[in-house]
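This report refers to the structure that appears directly beneath it.
The values are calculated or read from the model by the stated rules, or taken from the named source; none is laboratory data. Since we're looking at a predicted model, the values are computed, not measured. All Cβ positions, glycine included, derive from the backbone under ideal geometry; neighbour counts span all protein chains shown.
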Amino acid sequence: MFPMELPDGHLGWWSPVERAVIPLDGLRVTRSLRQSTRRYLVSVDEDFEAVIEGCAEADRPNSWITDEFRDAYVELYRLGWAHSIEVWDVEGSLVGGLYGVAIGGLFAGESMFHLARDASKVALVHLVVIMNRGGRLLDVQWQTPHLESLGAVVIGRDEYLRRLPEALSVPGPFARGDG
């Protein structure tokens, strides 16, 4: 389940009948996206708060990330559950990124943003590379034309729930070492 703000301002929890996932061997990387991956610098967990701020920009259409929501995810980041992928231009400016929650081999993407061409897609490419080092399930919540063009597929709730225990049972690529 994942949280989303309801029209009345309350927080609701969602478990969609259909769920979008990106198969870790199914990401579509076009030639131009491959070129874009060489145009930017990418980091992991370097500036979580800036990424969530980028995703929460008030002038973004359908922005749903409230201060309360942001504070909760910053705390999840502090505790090691939430993670960000940052995309920087050659001048060192943050131009895109994504964030989500990792539990074992599950990464549940929450939101992404871009200020420069393909920057959010580059973040996703990097996330898939990371997930291929021990991840099992990349949940992107809802199917959109943008995510579909990148290889996202829709699976039913029963199939999602069938895959979830295996994903949760492995340490996953974001697991912290013992020291």
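Considering only residues that are touching a residue at least 60 places away in the same chain (Cβ under 8 Å) and in contact with a strand residue (DSSP E or B) (Cβ under 7 Å, 6 or more places away or on another chain), look in the stretch 117-127 and name the one that is surrounded by the fewest Cβ atoms within 10 Å (Cβ to Cβ). Applying the filter and picking the extreme gives H126.
For G172, the requirement of being within 12 Å of the chain's Cα centre (by Cα) and of a type outside the set (V, I, T) is not met. L6 meets the conditions (1) touching a residue at least 40 places away in the same chain (Cβ under 8 Å); (2) farther than 23 Å from L164 by Cα in every case but one. The failed one is (1). Within the option set L33, L41, L94, being more than 17 Å from the chain's Cα centre (by Cα) and surrounded by 15 or more Cβ atoms within 10 Å (Cβ to Cβ) holds for one residue only, L33.
On inspection, Y160 does not qualify as more than 19 Å from P23 (Cβ to Cβ) and surrounded by 14 or more Cβ atoms within 10 Å (Cβ to Cβ). Going through P16, P23, P61 one at a time, which residue ends up being modelled with pLDDT under 80 and within 19 Å of the chain's Cα centre (by Cα)? Unique residue meeting the criteria: P61.
Kindly indicate which of G105, G151, G100, G135 is closer than 23 Å to Y40 by Cα, of a type outside the set (D, E) and crowded, with 20+ Cβ neighbours inside 10 Å.
Details: G105 fails: closer than 23 Å to Y40 by Cα; G151 fails: crowded, with 20+ Cβ neighbours inside 10 Å; G135 fails: closer than 23 Å to Y40 by Cα.
Matching residue, one of G105, G151, G100, G135: G100.
Among the residues of the stretch 3-30, the ones that are surrounded by fewer than 16 Cβ atoms within 10 Å (Cβ to Cβ) and closer than 27 Å to E75 by Cβ come to 14 in all.
If you go through the stretch 74-99 and keep only what is in contact with a Ser or Thr (Cβ under 8 Å, 6 or more places away or on another chain) and either β-branched (V, I, T) or without any contact (Cβ under 8 Å) to a residue 24 or more places away in the chain (or both), you end up with I85, V87.
So how many residues does the stretch 138-148 have that are surrounded by fewer than 16 Cβ atoms within 10 Å (Cβ to Cβ) and of a type in the set (S, T, N, Q)?
Result for the stretch 138-148: 1.
The single condition from (1) of a type in the set (G, A, S); (2) in contact with a helix residue (DSSP H, G or I) (Cβ under 9 Å, 6 or more places away or on another chain); (3) farther than 25 Å from W13 by Cβ that S93 fails is (2).
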